[in-house]
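Novice: Got a structure here, written out as structure tokens. Questions coming.
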Amino acid sequence: MISEPEMAGEFGGVETREVMGGFDRESVGERRPRRPWPWALGGVVMASALWAAALFLYGAGDRKPDMHGYQLGQDPCPALQLKSIGAAIAPREPTTEIKSGLLNHAALDQIRCFIPLRSQAGAERPGNGWSIEYTVGITVALHKKTDPGAEFEARRGVTDLGVDPEAKLETVPELGEKAYLLTRDGDSELRVLEGGAVLTLSISTITQHHGDDRREFEAGDGPDIPDLSPHQSAMISDMRDLMSSLKQ
């Protein structure tokens with residue numbers, strides 16, 4: 001899952017009166033302060049000039065993030081194979097048109113798409129006219145001007161519906177710079193940060209009723225929401241494939 005060090009000593013070990021004693025015995029009029037050496041003044045002026053130049057060129061902690069080779073020149077969604085998720089749950093639906101909007105901007109490149117998985121009538125229709133459908137969501141955001149690290153941390157427990165205190169949060173090692181899985185009933189989302197790139201891969205489930213009997217639907221006897229935790233390794237594997245495909 002995603003401690004301050006204790007103080008080693010006591011402040012009382014040094015007496016303030018002894019440290020300040022020299023100032024107590026001398027008045028301002030008894031001793032004139034010595035003027036600093038000219039070379040010391042020159043060094044201060046030079047350091048200030050260099051610091052001002054650095055702030056002008058790079059800004060105060062506002063440097064462009066490292067893109068680590070990520071590029072988003074075209075929509076990657078049609079070419080995604082989702083091999084691991086396809087083997088664990090179901091392959092992607094080949095006949096469904098994938099709609100996504102590619103944004104290319106000087107500050108941000110972004111793509112978002114939703115890929116339905118193929119319905120398996122025999123395995124996923126538990127009866128009473130109900131079925132369970134799966135959808136994979138992909139989001140790629142390349143922040144080219146500002147570092148998204150602080151926002152990535154702030155949104156650790158935030159879902160599409162807001163902050164969910166019951167969502168399960170797990171860190172994922174050796175994936176990008178930072179990565180974690182956010183899981184709640186029927187949804188699991190893998191989020192990865194690497195430099196200016198923020199990538200997400202999610203699996204969502206939805207129950208649908210296909211019967212003609214309205215009473216079956218109103219009775220609420222739908223299937224149980226499946227547990228997505230067994231598919232987390234497949235999500236990580238397909239995320240690695242996505243990350244590799246976007247690096248030039």
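The values are calculated or read from the model by the stated rules, or taken from the named source; none is laboratory data. As the structure is a computational prediction, the values presented were derived from the model and not from experiment. Virtual Cβ from ideal backbone geometry, glycine too; neighbours counted across all protein chains shown. These area figures cover heavy atoms from the full protein model, side chains too; ligands, DNA and RNA do not enter into them. Shrake-Rupley method; radii C 1.70, N 1.55, O 1.52, S 1.80 Å.
Novice: In whole Å, what is the distance between the alpha-carbon centres of region 74-97 and region 133-202?
Specialist: Going from one Cα centre to the other spans 20 Å.
Novice: Turning to a different aspect of this structure: Give me the accessible area of Ser204, 1.4 Å probe, in Å² rounded to the nearest 10.
Specialist: Only protein atoms counted, so the area is about 40 Å².
Novice: Right, something else. Can you tell me which lysines have their Cα less than 24 Å from the Cα of Lys144? Leave out same-chain residues fewer than eight positions away.
Specialist: Of all the lysines, those that pass the test against Lys144 - Cα under 24 Å, at least 8 places apart if same chain - are Lys64, Lys178, Lys247.
Novice: Would you mind calculating the relative contact order of region 77-246 from Cα pairs under 8 angstrom and at least 6 residues apart, reporting the percent as a whole number?
Specialist: 22 percent
Novice: Please give the net charge around Pro76, taking every other residue with its beta carbon less than 15 angstrom from that of Pro76, where Lys and Arg add +1 and Asp and Glu add -1.
Specialist: For residues surrounding Pro76, the net value is +2.
Novice: Taking just the alpha carbons, could you work out the radius of gyration and Dmax for region 77-246, both in angstroms?
Specialist: In order Rg, Dmax, the Cα atoms of region 77-246 give 17.4, 55 Å.
Novice: Once amide H atoms are placed 1.01 Å from N in the peptide plane, what residues at a sequence separation of 5 or more from Ala197, or on another chain, have their amide H within under 5 Å of its amide H?
Specialist: Counting only residues 5 or more places away or on other chains, the set is His143.
Novice: Here's a follow-up. Would you mind checking which residues have amide H under 5 Å from Gly137's amide H? H placed 1.01 Å from N; only 5 or more apart, or other chain.
Specialist: Ile115, Ser202, Ile203, Ser204
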